[in-house]
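First comes the structure, then the notes that go with it.
Only the coordinates and a few stated rules stand behind these numbers; no lab work does. Keep in mind it's a predicted model, so treat the numbers as computed, not measured. Here the Cβ positions follow ideal geometry from the backbone for every residue, glycine too, while neighbour counts run over all protein chains shown.
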């Protein structure tokens with residue numbers, strides 16, 4: 001058994017849980033105590049990861065305040081430290097954590113705002129990709145279109161929100177405090193939710209509100225169903241118009257066909 | 001690795017032995033808008049694995065030589081290196097063609113939990129084996145030597161058996177890696193553990209040093225129990241400038257980086273700090289003794 005591995009596991013527990021270093025590892029103390037020395041690393045670890053969450057969830061932090069956010073972040077970090085070194089990708093699951101976090105129960109829309117912010121963060125950080133164009137799709141023979149499977153754009157998230165989280169998110173990030181308060185006061189949190197598509201298009205963030213049938217179809221198509229399968233589970237007479245609309249908004253990065261010969265694919269990262 | 005001249009891939013721009021700055025997100029716009037006369041820039045690789053910063057870095061790369069400085073490979077991890085992370089870095093290296101690639105003598109991941117800090121290693125034969133294996137893995141992947149940075153540490157393990165400079169010498173000898181000599185880290189660790197910083201510098205293999213780092217630190221302990229924190233949140237201290245001058249005299253000029261990671265000032269302040277390093281690099285007069293035997 002590796003002694004180094006034991007030391008590193010003990011160190012992780014010590015910095016996350018705030019305990020001392022478990023034996024056999026021991027720290028040379030001297031004029032500064034071992035606990036104080038270890039405490040510096042604990043502050044660094046929790047502080048660095050809290051900063052990463054703060055960058056992805058600025059509206060959540062505004063809604064609950066810095067201190068509450070730091071306390072919630074710390075509990076999340078201890079329960080779910082990242083598994084990757086790219087901290088832009090850290091924080092998935094924070095919305096679910098907040099939904100279960102009793103201390104935040106008085107802000108029922110907080111988890112929805114967090115889900116929206118995670119989708120926004122994903123949209124901003126995902127790799128660039130050219131959107132699938134109607135022209136490229138036009139190359140598919142009409143009799144084969146039922147078999148089309150679309151590849152969702154890497155920046156796209158589809159969300160159903162139970163609260164008006166988009167309006168709250170936009171209002172809470174207004175820099176001017178008076179205007180922010182006025183805008184927030186005008187939103188009735190119980191006024192109902194909406195379904196949205198979040199993506200980056202031409203370098204800019206798009207948040208599109210989708211009607212029920214459009215959302216269901218978009219979800220079915222991005223789940224990897226073929227066009228025929230998707231249309232079976234969505235009741236709409238408007239499929240052609242909706243599909244054209246999705247293409248115009250850049251929801252897809254490519255498609256594939258289960259070909260008898262070579263599969264036709266289109267779309268690539270840029 | 002030859003002293004002073006960086007390891008340059010065929011198409012990668014060399015990093016010259018002049019002052020450079022650590023580029024951080026708040027300065028992206030100002031740097032690209034003003035294109036100041038600075039020899040090179042260094043970035044933390046892990047901040048440029050995803051958009052939109054990756055696109056910014058490609059733009060920066062069109063104007064400046066870039067050094068990729070990783071903080072997340074965790075080369076001291078007993079479990080080895082995360083495959084996905086190293087392959088993402090390899091893609092970044094391909095796209096940016098950096099003049100230098102570097103990491104730290106530290107660890108940050110265990111059981112695939114990533115702790116987002118440069119954590120201290122017990123300096124033992126086992127740790128030396130682990131770090132050498134991981135450094136060799138990285139160098140094999142990138143097909144070129146990397147530079148390893150001496151850490152700033154706040155604690156020492158009681159079961160450590162190898163003095164830090166000796167550990168670093170062995171790492172260089174066994175892997176052929178180069179070194180970043182972080183002058184501020186030498187000063188911070190020396191203060192925190194009661195070492196002699198000049199003696200530490202003289203014990204490093206000068207010919208392996210391919211880069212210097214400079215940064216500001218803060219004081220956390222009292223007078224009776226001095227403790228310095230490597231905060232990178234202010235100008236370089238008087239003591240660290242003086243230690244840098246000593247390093248220049250015994251090691252010679254190398255690419256020298258100013259790092260500023262918290263309480264980040266306006267870009268001109270950072271550039272001014274780089275000018276202070278540049279002046280000392282230009283004034284370097286090597287001491288006429290054999291540093292290897294010092």
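Structural remarks
- Of B:126, B:273, B:223, the residue with the greatest mean-square motion in the GNM of chain B, using alpha carbon springs below 10 Å, is B:223.
- Separation of segment B:76-127 from segment A:211-244 is 44 Å, based on Cα centroids.
- Alpha-carbon Debye profile of segment A:118-270, log10 I(q)/I(0) at 0.13, 0.15, 0.21 Å⁻¹: -0.66, -0.82, -1.34
- GNM on chain B, alpha-carbon springs under 10 angstrom: the most fluctuating residue among B:84, B:174, B:279 is B:84.
- Against the rule of thumb 2.2 N^0.38 Å, how large the Cα Rg of segment B:193-283 comes out: 1.14
- Calculated mean residue ellipticity at 222 nm for chain A: -15000 deg cm²/dmol, from DSSP H runs with n ≥ 4 weighted as -39500 (n - 2.57), summed, divided by the residue count and rounded to 500.
- Cα-based Rg of chain A normalised by 2.2 N^0.38 Å, two decimals: 1.28
- Chain A: relative contact order as a whole-number percent, Cα under 8 Å and 6+ apart: 18 percent
- Protection-proxy order for peptides A:113-123, B:31-41, each taking the mean of Cβ atoms within 10 Å per residue, highest first: A:113-123, B:31-41
- Relative intensity, log₁₀ I(q)/I(0), of segment A:1-107 from a Debye sum that treats every alpha carbon as a point, q = 0.13 Å⁻¹: -0.56
- The residue A:162 and residue B:59 beta-carbon pair, evaluated with R₀ = 51 Å, returns a calculated FRET efficiency of approximately 0.80.
- DSSP bridge orientation in chain B - percent antiparallel, rounded to nearest 5: 15 percent
- The angle between the Cα long axis of helix A:212-222 and the longest principal axis of the Cα atoms of chain A comes to about 80 degrees, rounded to the nearest 10.
- Nearest-ten-degree value, helix A:34-56 long axis tilted from longest Cα axis of chain A: 20 degrees
- With the convex hull of the Cα atoms taken as the outline of segment B:1-154, the averaged projected area works out to 9.7 nm².
- Computed lengthening from residue B:141 to residue B:245, 0.36 nm per intervening residue step minus Cα-Cα distance: 33.9 nm
- If R0 equals 25 Å, the separation of the Cβ atoms of residue A:5 and residue A:96 corresponds to a calculated FRET efficiency of about 0.25.
- Whole-number Å³ per residue for the convex hull built on Cα positions in the protein assembly as shown: 187 Å³
- FRET efficiency, residue A:128 to residue A:26 (Cβ-Cβ, R0 51 Å, nearest 0.05): 0.55
- DSSP finds beta bridges in the protein assembly as shown, and of those with both partners inside it, around 50 percent are antiparallel.
- A Gaussian network model of chain A, with springs between Cα atoms under 10 Å, assigns the largest mean-square fluctuation among A:68, A:94, A:215 to A:68.
- Per-residue shielding of B:47-57, expressed as the average number of other chain Cβ atoms within 10 Å of the residue Cβ, stands at 4.
- Angle in degrees between helix A:66-79 and the longest Cα principal axis of chain A, rounded to the nearest 10: 90 degrees
- Over segment B:19-293: Kirkwood hydrodynamic radius from C-alpha pairwise inverse distances, Å: 19.1 Å
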